[in-house]
Amino acid sequence: MRYSHFKRTDRIELSILLRKGYSYRDIGKAIKKNPSSISREIKENSVNGIYDPKKANHKAYRRRKQAKYQSMKIRNNLRLEEYIKEKMSKGWTPEEIAERLKTENNGKTVISFKLIYNWTNTPFGEPYKRCLASKQSRWRRRKSGKKIIIKDRVSIDKRPATINSRRRLRDFEADVLGSPKSEKARLAGVVDRKARYLDLKKVSRLREAVIAYNRMLKAGSAQSCTMDNGPENATWKKLRIPTYFCHPYSSWEKGTMENTFQRLRRFVPKKSRLSQYSTDDISIIVDKMNSTPRKCLDWKTPKEVFYDLPMEQTYINFEYLPSSLTTRCCTSG
């Protein structure tokens, strides 16, 4: 049953049937509403335990009007609105924006992420809906034709507790981003397990992945690396650092890399041709991801954690809601 808001006539009919002792299910059939919607309407809009259609209609009106004015909090502060636009253009989610502002404001909430989502439903924020993260895709296990065994590999079971607990920096995970079969170029990446700091290199073919890993890991002064059992990792000894391998078909054991690649799909969607991305494009994407605050980092950015930088402060003269917008409704129960 398609959802629609309760109208004045619906509320009058609901109150009549309710007084006659009809069940929520029977009332729903009569006015073409879901029983759960009937229950929610009675619970939210009753006054002192009594459902009056006139008062219920007024409560619903006031609630919707209040929500509209809440969204205007962003519109009334142009600096705040520009900040949200800028960060969403960089790929930040509403939660990342809200929590980063809270962190910069000494733990005091400036704006909720739900309010930012509401703002994107207005004519002013609708153009930025395209910046929101896409839905999570499901992974499919594919059967490989030829089984390749990597020689002398060290199991992840032997990885030290220091690495497992993410207590130190410069323990990396490495992998290659999936691409269409017709595409020879690949995107090799390494990510720091603690700081979530990412580096990417574009390689002309899959077998050059380890060469790219080596360059990136040396640049990051890596202490260890964790990877899967892909054939591109057969020459792993060239890394010359402690290297650990996930169990077969257990890519989730390098979850930091998997999660990072999922976030990367915001900028490099599936089935994209890497020939369309230049080296500068890749660098810009990496910088955006490393400059985005993360919940797991207490809303610091990977760059700030990896390089031990002070948190960049944003100075905004926040305008809070006028008291007139927070007054209680005269019919509130």
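Summary of values
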quantity: Search result, residues across the stretch 36-49 that are within 33 Å of the chain's Cα centre (by Cα) and surrounded by fewer than 17 Cβ atoms within 10 Å (Cβ to Cβ); calculated: 36, 39, 40, 43, 44
quantity: Residue pairs meeting the criteria (Cβ under 6 Å; at least 6 apart or on separate chains; first closer than 13 Å to residue 45 by Cα and modelled with pLDDT of 80 or more, in the stretch 1-17; second of a type in the set (Phe, Trp, Tyr) and not in a helix (DSSP H, G or I)); calculated: 15/51
quantity: Residue within the stretch 243-265 that is closer than 30 Å to residue 130 by Cβ, basic (Lys, Arg) and part of a helix (DSSP H, G or I) present; calculated: yes
quantity: Members of the stretch 275-303 that are touching an Asp or Glu at 6+ places or on another chain (Cβ under 7 Å), farther than 13 Å from residue 103 by Cα and not in a helix (DSSP H, G or I); calculated: 292
quantity: Boolean, residue 200 is assigned to a strand (DSSP E or B), under 23 Å from residue 168 (Cα atoms) and not β-branched (Val, Ile, Thr); calculated: yes
quantity: Members of the stretch 93-122 found to be within 16 Å of the chain's Cα centre (by Cα), of a type in the set (Gly, Ala, Ser) and surrounded by fewer than 17 Cβ atoms within 10 Å (Cβ to Cβ), listed by number; calculated: 112
quantity: Filter pass, residue 90 being at pLDDT below 90, within 26 Å of residue 304 (Cβ to Cβ) and surrounded by fewer than 19 Cβ atoms within 10 Å (Cβ to Cβ); calculated: yes
quantity: Whichever residue in the stretch 212-226 is outside any helix (DSSP H, G or I) and of a type in the set (A, V, I, L, M, F, W, C) and, among such residues, is surrounded by the most Cβ atoms within 10 Å (Cβ to Cβ); calculated: 225
quantity: Failed criterion for residue 61 (all others in (1) modelled with pLDDT of 90 or more; (2) assigned by TED's automatic domain parsing to the domain that holds residue 25 hold); calculated: (1)
quantity: Hits in the stretch 151-189 - residues which are small (Gly, Ala, Ser) and free of Cβ contacts under 8 Å to residues at least 24 places away in the same chain; calculated: 161, 165, 182
quantity: Given (1) closer than 14 Å to residue 227 by Cβ; (2) modelled with pLDDT under 90, index of the condition residue 190 fails; calculated: (2)
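For every residue, the table says whether it meets (1) at pLDDT 75 or above; (2) within 18 Å of residue 172 (Cβ to Cβ).
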residue: 288; (1), (2): yes, no
residue: 296; (1), (2): yes, yes
residue: 305; (1), (2): yes, yes
residue: 309; (1), (2): yes, no
residue: 315; (1), (2): no, no
residue: 318; (1), (2): no, no
residue: 322; (1), (2): no, no
residue: 328; (1), (2): no, no
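The values are calculated or read from the model by the stated rules, or taken from the named source; none is laboratory data. Source: prediction; values computed, not measured. Positions of Cβ are generated from backbone atoms using ideal geometry, with glycine treated the same way; all protein chains shown enter the neighbour counts.
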